[in-house]
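Chemist: Could you have a look at this structure, given as structure tokens, before my questions?
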Amino acid sequence: MELRPQFDAFLRDIRPSERNREEWKRGSNTLRARLMADADLSPIITTTFLQGSVRRSTAVRPTGGKRSDVDVVIVTEIDHNAESPHAAMKRFEPFLERHYAG
């Protein structure tokens, strides 16, 4: 039994649409630009990069009215020996509340 047409239809149904990909790109670029423009955070940021399913091109189309997420990693100059993870995260809370409340 040949299932190729059904499998192709399945892939079309789960693969992200062009709109999804554009939204992911716009969202991650906006976040990165905001971080680099932030007077408090930009001096401690070394770089940012994508990871996860979007980066590996294994993301699937969101269903049920849900939105997808994009994993953006922020590399900082924060000394993990001098500052706890909790204290480091506290530095980002004003930024998050300002741009992504809730």
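Chemist: Along the charge dipole of the chain, which of P62, A101, Q51 sits closest to the positive end, that is, farthest toward it, with unit charges on the beta carbon of Lys, Arg, Asp and Glu (+1, +1, -1, -1)?
Modeler: About the Cα centre, the residue reaching furthest to the positive side is P62.
Chemist: Using unit Cβ charges (K, R positive; D, E negative) and no other charged atoms, how large, in debye to the nearest 20, is the dipole of the chain about its Cα centre? Intermediate values should be presented prior to the final figure.
Modeler: Numbers: 17 positive and 15 negative charges, 96 e Å.
Charge dipole, the chain, about its Cα centre: 460 debye, nearest 20.
Chemist: Run the numbers on the chain and let me know its relative contact order in percent, using alpha-carbon pairs under 8 Å that are six or more apart. Kindly include the intermediate steps, with their values, before the conclusion.
Modeler: On the way: 63 pairs, mean separation 29.3, N = 102.
With pairs under 8 Å counted, the relative contact order is 29 percent.
Chemist: Something else about it: Sorted by accessible area with a 1.4 angstrom probe, largest first, how do F92, F7 fall?
Modeler: Working: F92 25, F7 100 Å².
If we order F92, F7 from most to least accessible, we get F7, F92.
Chemist: Pairing the Cα long axis of helix 4-14 with the longest principal axis of the chain, what angle in degrees results, from 0 to 90 and rounded to the nearest 10?
Modeler: 30 degrees
Chemist: Given [x] 0.98; [y] 0.92; [z] 1.12, which label gives Rg/Rh (Cα atoms, Kirkwood Rh) as computed from the coordinates?
Modeler: So the calculated entry is the one marked [z].
Chemist: Okay, next question. Report in % the part of the accessible area of the chain that belongs to carbon and sulfur, leaving out ligands and nucleic acids; probe 1.4 Å. Display every interim value, and only then the final one.
Modeler: Details: 4180 of 7900 Å².
Reported share for carbon and sulfur atoms: 53 percent.
Chemist: Compute the distance in nm between two label points, each set 7 Å from the Cα along the Cα-to-Cβ direction, one at R61 and one at R4.
Modeler: Result for the modelled spin labels: 2.3 nm.
Chemist: Calculate, for the chain, the solvent-accessible area per residue in square angstrom, rolling a 1.4 angstrom probe over the heavy atoms of the protein chains.
Modeler: Details: 7900 Å² over 102 residues.
With all protein chains present, the chain gives 77 Å² per residue.
Chemist: Among 68-76, 55-63, how do they line up by average Cβ neighbours within 10 Å per residue, starting with the highest? Provide the component values of the computation, followed by the final result.
Modeler: Values: 68-76: 14.8, 55-63: 12.1.
Ranking the peptides 68-76, 55-63 by packing returns 68-76, 55-63.
Chemist: ³J(HN,Hα) across the range 88-96 via Karplus (A = 6.51, B = -1.76, C = 1.60, θ = phi - 60°), whole Hz, x for Gly/Pro?
Modeler: After applying 6.51 cos²θ - 1.76 cosθ + 1.60, I find 5, 5, 4, 4, 8, 4, x, 4, 5 Hz.
Chemist: Please work out the C-alpha center-to-center distance from the range 15-35 to the range 57-97 and express it in whole Å.
Modeler: 15 Å
The values are calculated or read from the model by the stated rules, or taken from the named source; none is laboratory data. Because the structure is predicted, anything quoted here is derived from the model rather than measured. Note that each Cβ is placed from the backbone with ideal geometry, even for glycine, and that neighbours are counted across all protein chains shown. Protein only, heavy atoms only, side chains kept; ligands, DNA and RNA dropped before computing areas. Shrake-Rupley method; radii C 1.70, N 1.55, O 1.52, S 1.80 Å.
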